[in-house]
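The values are calculated or read from the model by the stated rules, or taken from the named source; none is laboratory data. Predicted, not measured: the structure shown is a model, and the values here were computed from it. Because the Cβ atoms are built from the backbone with ideal geometry, glycine has one as well, and the counts that use them run over all protein chains shown. Accessible surface is based on the protein model in full, side chains and every heavy atom, while ligands, DNA and RNA are left aside. Shrake-Rupley method; radii C 1.70, N 1.55, O 1.52, S 1.80 Å.
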Amino acid sequence: MKHIISALVENKPGVLAHVAGMFAARGFNIDSLVVGRTEDPKLSRMTIVVIGDDRIVEQVRKQLARIVPVVKVQDFMDKPVVARDLMLVTIAVPPEKRPELSTLIDMFRGHVVDISPKTLMVEVSGPETKMEAFLDVCKPYGIKGVARTGTIAMPRQGSGEE
Amino acid sequence: MPAKPETPASAAETMKSGAQIVVDTLIDLGVDTMFGYVGGVVLPLFDKLYDAPIRFIIPRHEQGGCHMADAYARASGKTGVILATSGPGACNLVTGLATAMMDSIPMVALTGQVRTDLIGNDAFQEADTTGITRPVTKYNSIVKDVRQLERTVREAFHIASTGRPGPVLVDLPVDVLVNKCPCNGKAELDLPGYRLRTKGHARQISMAAEAINKAEKPVLYVGGGVIIANAAEELRALAEKAHVPVTMTLLGLGSYDQRKPESLDMLGMHGSAYANYAVQESDLLIAVGARFDDRVTGKIPTFAPHAKIVHIDIDPASISKNVHVDIPVVGDAKHILTELTKEVEYRPREAWFQKIAEWKKKYPFRYDGKSANIKPQYIIEEVCRQTNNEAIIATGVGQHQMWSAQFYKFLRPRQFISSGGLGTMGFGLPAAIGAQIAKPDATVIDFDGDHSFNMTMTELATAVQHELPIKVCIFNNGYMGMVRQWQELFYGHRYSCSYLKNPNYAEVARALGAVGITVDKNADVPQAVAQMLAEKRPCVADFHVEPEENVWPMVPAGKSLSEMDGLTILESMA
Ligand SMILES: Cc1cc2nc3c(=O)[nH]c(=O)nc-3n(C[C@H](O)[C@H](O)[C@H](O)COP(=O)(O)OP(=O)(O)OC[C@H]3O[C@@H](n4cnc5c(N)ncnc54)[C@H](O)[C@@H]3O)c2cc1C
Ligand SMILES: Cc1ncc(C[n+]2csc(CCOP(=O)(O)OP(=O)(O)O)c2C)c(N)n1
Ligand SMILES: [Mg+2]
């Protein structure tokens, strides 16, 4: 089971190493880990997608909370959240096939962000399943490269955030 | 951030060097004893320590110093302090930090580091100390700006000694020690992510009390957390009021007077049969400051199969980590036990205590008293008798450690000092030194294995220099006995690499300036023990013991607690 765990951490050197080291030392599996600034310059938010049963994820949550510079930990499982990935995909596509691909890109509300004679780079964002679906439909053209941010998430307002 | 000292904001704030700030802060925090070893980048600090009112103990190896600081903490309850230089000095702390980490010991390690502008350049004696020690510390950090120094040192002591204690390391680049900044000695902690829970949840405590009042076959399973919490008195009150037997982990020994009828002594792999049977039959297990280690639980699915489990622990991550807990109570054992005692009622539990008495009668810890060779257990009993159960006992790791736990009956917390979680051979001698420094008037004895002792015996020189009257009993069986026992039982008697030729330890002791005694006859044991106890100088008594003695009972790894080997052997010695 995938859980999205969100941790507010002090914006200090070494915090990422503490968190990543804890995951490695305890054998927890990270699917993705994203760190970014927040509205408070002293805090960063880490959004970590972990795979494991409830018991393991409970340990992940507790072990994270034990790390001194980790200020707050939330498990977004079973909570209404908005979860998004951002992805850049370079697709091999000759000019004659571009109109066809454009329709697909529109359907996924993607944007073309770079064009070369043989390729298009597309930016897509959304839930993870959408990324997967987009990659599936692009596969027949030939995918040259993918860069993904990993998931970030925020609880929906009024969802009873602790 | 480059360290750019600012000009003083007010005249009241004096400009101080980083080294001065460290020393002043240590003194302000009440540090009067430190352990450590010199080196290039920590010279500014040592220069300030030269006139400081701090007793400084120099070990012969930083690992030894780290164990000394650890045992100083275990014996006194204060935070141990160790100082080492960069690179090799810091690397030599790793085993000691890991030992303290596993057993939740409050300790602060200060390490020197190369200049901030050289960090990352493979500079002379540079090591990524915070990187290397991160997994073996509760927290660590490097100070890159002298203005952060006082606060960071204060935070280190706070984190090390509160909540679930542990070692905290602060890495100090030499330029930070040299640079000056205004310092008023009043830096405040800034730890938004470090929150402590001391009081237990009232409803959880009531649920636990209700479970205790209903239980017919309850057992208190108590660990190192009771000692850390200074909650032995509260534990006694609960056990007596509710009338519940008490078993202790290796690290919990001393938290309950073992001469009392409620004591079931140690449980687990080499615990008593009566403790293990009681746990397996119990209908309620009340764990206090214990962490369900695999040496204690045996095979998890069959551990205490009929019991509801109450778990009192300050660390939420300890709860339901290994074993599912029915009633968790997170908080400080001292507070929770006090509250719990108010709500429990006395129950006679005659049938339960009757059953326990039968197990105790049938399966006490025993050894063959008729053997011609000296039995290690006999030495421990004799020392226990001659010291009236009052000594502080440090140990190495191995069979002798288990016999110490089985045959010395402890009265109070902080009497038994042993590396449980990491199981660090070589801990015993430096631990005895650290304990003796913390408790100058106590009789401190290191029950050591011949090969454990060999790992850090150079520290005898430290004991000699500081005129510490520590006693070392070497249980000299020639073997790495614990390993040999496993090879005998599980590897068809193939004693691969578990035998070493020993030096003459009494002569080694004498060469280092200590007293050395060799004992190889049963009849000489009482006299040798008396002589050792009377010595004012460090004394090593090298007992040549039965070479192939085994520790019984034994729950083989992966078996349930009730599947103990050796019970028939023990019965045959009756
Ligand atoms: C060769 C060998 C054999 C061993 N065999 C055995 C054996 O047979 N039996 C045995 O018991 N052990 C044995 N051990 C030791 C074992 O490995 C563990 O170290 C030990 O069982 C752990 O003890 P503990 O559960 O008391 O936990 P500790 O490591 O002492 O942990 C303390 C617990 O208390 C909690 N705590 C801390 N402060 C507080 C507070 N203020 N309030 C409440 N809770 C607090 C902590 O969070 C933690 O959960 C052996 C070790 C060796 C080396
Ligand atoms: C530093 C370290 N290395 C290896 C071990 C593995 N080990 C556990 S017990 C033991 C043998 C201990 O021998 P000794 O000190 O003579 O004690 P005995 O078992 O004979 O009483 C060994 C090698 C360990 N615990 N620590
Ligand atoms: Mg030995």
Output the qualifying pairs, or none if there are none: Cβ atoms under 8 angstrom, residues six or more apart or on different chains, first residue in the stretch A:5-22 and within 9 Å of chain B (Cβ to nearest Cβ), second residue exposed (fewer than 15 other Cβ atoms within 10 Å of the Cβ).
-> A:8/A:38; A:10/A:42; A:17/B:131
Residue B:405: open to solvent by less than 20 Å² (accessible area, probe 1.4 Å) and within 25 Å of residue B:549 (Cα to Cα), yes or no?
-> yes
Between residues in the stretch A:60-71 that are more than 7 Å from chain B (Cβ to nearest Cβ) and residues that are aromatic (Phe, Trp, Tyr), which pairs lie under 6 Å by C-beta distance while being six or more apart or on different chains?
-> A:60/A:28
From the set of residues in the stretch B:425-456 that are within 16 Å of ligand 1 (Cβ to nearest atom) and in a loop (DSSP other than H, G, I, E, B), which is farthest from residue B:69 (Cα to Cα)?
-> B:425
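From the residues in the stretch B:266-302 that are near ligand 1 (Cβ under 10 Å from one of its atoms) and part of a strand (DSSP E or B), which one is nearest to the other protein chains (Cβ to nearest Cβ)? Break it down into steps so the answer makes sense when it comes.
Kept after step one, since they are near ligand 1 (Cβ under 10 Å from one of its atoms), are these residues of the stretch B:266-302: B:266-272, B:275-276, B:287-298.
From what's left, part of a strand (DSSP E or B): B:266, B:287-288, B:298.
Working: B:266: 27, B:287: 17, B:288: 19, B:298: 20 Å.
Looking at the filtered set, the residue picked out is B:287.
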Which listed residue, of B:398, B:369, is touching a residue at least 60 places away in the same chain (Cβ under 8 Å) and within 16 Å of ligand 3 (Cβ to nearest atom) = B:398
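Specify which of the listed residues (B:209, B:202) is over 25 Å from residue B:29 (Cα atoms), surrounded by 17 or more Cβ atoms within 10 Å (Cβ to Cβ) and more than 14 Å from chain A (Cβ to nearest Cβ).
Details: B:202 fails: surrounded by 17 or more Cβ atoms within 10 Å (Cβ to Cβ).
None of the others qualify; the one that does is B:209.
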Out of B:494, B:510, report the one residue that is open to solvent by 60 Å² or more (accessible area, probe 1.4 Å) and touching a Gly at 6+ places or on another chain (Cβ under 6 Å).
-> B:510
Given the conditions (1) touching a residue at least 60 places away in the same chain (Cβ under 8 Å); (2) of a type in the set (D, E, K, R); (3) within 16 Å of ligand 2 (Cβ to nearest atom); (4) not in a helix (DSSP H, G or I), every one holds for residue B:459 apart from (4)
Check whether at least one residue in the stretch A:32-43 is in a strand (DSSP E or B), away from every other protein chain (no Cβ under 14 Å), open to solvent by 70 Å² or more (accessible area, probe 1.4 Å) and in contact with a Ser or Thr (Cβ under 8 Å, 6 or more places away or on another chain), and report yes or no.
-> yes
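From B:345, B:339, grab the single residue that is open to solvent by 60 Å² or more (accessible area, probe 1.4 Å), more than 16 Å from ligand 2 (Cβ to nearest atom) and farther than 29 Å from residue B:441 by Cα.
Numbers: B:339 fails: open to solvent by 60 Å² or more (accessible area, probe 1.4 Å).
Step by step, each of B:345, B:339 is checked, and only B:345 is open to solvent by 60 Å² or more (accessible area, probe 1.4 Å), more than 16 Å from ligand 2 (Cβ to nearest atom) and farther than 29 Å from residue B:441 by Cα.
Grab the strands (runs of 3 or more DSSP E) fully contained in the stretch B:62-146, keeping just those with 2 or more residues being in contact with a Ser or Thr (Cβ under 7 Å, 6 or more places away or on another chain) and open to solvent by 10 Å² or more (accessible area, probe 1.4 Å). Spell out the reasoning first.
On the way: elements: B:80-84, B:107-113, B:139-142.
Hits in the stretch B:62-146: B:139-142.
Check B:515, B:525, B:483, B:472 and return the single one that is open to solvent by less than 20 Å² (accessible area, probe 1.4 Å), within 14 Å of ligand 3 (Cβ to nearest atom), β-branched (Val, Ile, Thr) and modelled with pLDDT of 95 or more. Spell out the reasoning first.
Values: B:515 fails: within 14 Å of ligand 3 (Cβ to nearest atom); B:525 fails: within 14 Å of ligand 3 (Cβ to nearest atom); B:483 fails: open to solvent by less than 20 Å² (accessible area, probe 1.4 Å).
Exactly one residue qualifies, and that residue is B:472.
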